[in-house]
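Notes for the one structure printed next.
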Amino acid sequence: MRSTKNAILISVSSSVIRNLLFIMRKATLYQFSLPMEAGIILRYQRLKTRDGFLVHLQENGRDGWGEISPLPEFSHETPEQAKASAVEWLQQWCLGAQPEESDLPSVAFGLSCALAELRGELPETANYCKAPLCTGDPDDVILRLGNMAGQKIAKVKVGLYEAVRDGMVVNVMLEAVPDLRLRLDANRSWTRTKAEGFAKYVNPDYRHRIAFIEEPCKTRDESLAFARETGIAIAWDESVREADFTVEAQEGVSAIIIKPTLTGSIDRCHQLITKAHQLGLEAVISSSIESSFGLTQLARLAQWLTLDSLPGLDTLDLIQSQLIRCWPESHIPCVMLDKLAMVWSYECQ
């Protein structure tokens, strides 16, 4: 009799264990192509559409989403390579594995966002404040700054025109808005001579209100020398994504720029941000011209990991359509899921 009862208990226990281990996983990959505003040029290429993928993970009634959108001229991977890598990872995940991160940054980041949402690890609260971006006429940004509550921070793309003109524009903005702090982005476009020409046109009394210039010169050594000689702080951007880069305290360096689509997974970004904060450096989460979907996730990431830094996410207006998740108070039309092509799907249970 006792052996019969034990057999029943074993049978019930085995059934419970099987139910606890039962996992239903489904993954879907959607493709999008959103028209860009006219005249958007990235390095050597005019960008007519912003292309990428949305990944949707589902597991036992929970789901998570992420955006995979390599940026032309900046990402090393193509959309085709990103798709192939994502599909390989998703197939393993659907079959119950926990695959290692993709070597492709845009894929690693998009999949990590989807996993973080699935697991409830990506907070819903977001920092939707943006540092206004100036790529042309500074008067427009000056007007926007007048309506900006709290500390006034703006970003100016420099290196697109003559360095002397850039210096004059920056000087005008700092003079017009006395409590303004400027972030500048040169994308390694200046020689030392051009960088020095820029600095000459910025009033020395205003230079401390330049929060940083992202990589002003073509090499790190030249950028460090520029910072020492001019008193204008710099930030590492492209360098952060190079294999030999380590976060360290250096004279003249005030910040690192984290562009997750170009950097990698949330874990990778978190490691860089933590190290920067330990060394007293600012860490700024910045856009790689993601869709509104990706931007809203970056805003959530910024609120979570860089609470005291205004993120650099003012790229929404560069794309003519939003995507599924809209930026608050934006009137740009939104493309919904039913308009996207499903390019891959798999379910395992």
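Taking the C-alpha atoms only, the angle from helix 2-21 to the longest principal axis of the chain is near 30 degrees. Taking amide H as placed 1.01 Å from N in the peptide plane, the amide H of residue 134 sits under 5 Å from that of 155, 156, 157, each at least 5 places away or on another chain. Residue farthest toward the positive end of the dipole of the chain, with Cβ of Lys/Arg at +1 and Asp/Glu at -1: which of 210, 134, 319? Result: 319, furthest along the dipole toward the positive end.
Ranked by solvent-accessible area (1.4 Å probe, protein heavy atoms only, all chains present), the residues 43, 165 order from largest to smallest as 43, 165. Look at the Cα gyration tensor of the chain: its axes a ≥ b ≥ c give a/c of at least 1.5 with a/b over b/c, and that counts as prolate. The angle between the Cα long axis of helix 292-305 and the main principal axis of the chain comes to about 90°, on a 0 to 90 degree scale. In the chain, the portion of solvent-accessible area held by carbon and sulfur atoms comes to 51 percent [1.4 Å probe, whole percent, DNA, RNA and ligands not counted].
Based on C-alpha pairs under 8 angstrom that are at least 6 apart in sequence, the chain has a relative contact order of 20 percent.
Given +1 at the Cβ of Lys and Arg, -1 at the Cβ of Asp and Glu and no other charges, the dipole of segment 151-229 around its Cα centre is 140 debye to the nearest 20. When 200, 152, 157, 194 are compared by accessible surface with a 1.4 Å probe, the order from highest to lowest is 200, 194, 157, 152. For a quick check of understanding: with a 1.4 angstrom probe and all protein chains in place, what accessible area in square angstrom does residue 74 have, to the nearest ten? In the full protein context, residue 74 sits at about 50 Å². Taken per residue, the accessible surface of segment 92-234 reaches 46 Å², heavy atoms only and a 1.4 Å probe.
Between the C-alpha center of segment 79-110 and that of segment 154-213 there is a gap of 40 Å. Based on C-alpha pairs under 8 angstrom that are at least 6 apart in sequence, segment 18-142 has a relative contact order of 23 percent. Dipole of the chain computed with +1 at Lys/Arg Cβ and -1 at Asp/Glu Cβ about the Cα centre; of 27, 292, 304, farthest Cα towards the positive end is 27.
On a per residue basis, segment 275-349 carries 45 Å² of accessible surface, using protein heavy atoms and a 1.4 Å probe.
Heavy-atom accessible area with a 1.4 Å probe sorts 56, 331, 270, 208, largest first, into 331, 208, 270, 56.
For residue 230, the accessible surface of its heavy atoms amounts to roughly 30 Å² (probe 1.4 Å, protein chains only, rounded to the nearest 10).
Helical content alone sets the calculated 222 nm signal of the chain at -11000 deg cm²/dmol, taking -39,500 (n - 2.57) per DSSP H segment of four or more residues and averaging over every residue. For the cross-link pairs 155/218; 157/259; 130/259; 26/259, which exceed 24 Å when the distance is taken from alpha carbon to alpha carbon? Cα-Cα > 24 Å for 26/259; rest within. Here segment 261-349 is treated with +1 on each Lys and Arg Cβ and -1 on each Asp and Glu Cβ, and its dipole about the Cα centre works out to around 160 debye.
Its relative contact order, with pairs defined as Cα atoms under 8 Å and 6+ residues apart, puts segment 181-321 at 17 percent.
When both segment 287-349 and segment 235-251 are represented by their alpha-carbon centers, they are found 27 Å apart.
Its Cα centre serving as origin, the chain has a Cβ charge dipole (Lys and Arg +1, Asp and Glu -1) of approximately 740 debye.
Rounded to the nearest 5, the antiparallel percentage of DSSP beta bridges internal to the chain is 55%.
The values are calculated or read from the model by the stated rules, or taken from the named source; none is laboratory data. In this text the structure is predicted, and so the values were computed from the model without any measurement. Counting neighbours? That spans all protein chains shown, and the Cβs are built from the backbone with ideal geometry, glycine included. Note: areas computed on protein heavy atoms with side chains; ligands, DNA, RNA excluded. Shrake-Rupley method; radii C 1.70, N 1.55, O 1.52, S 1.80 Å.
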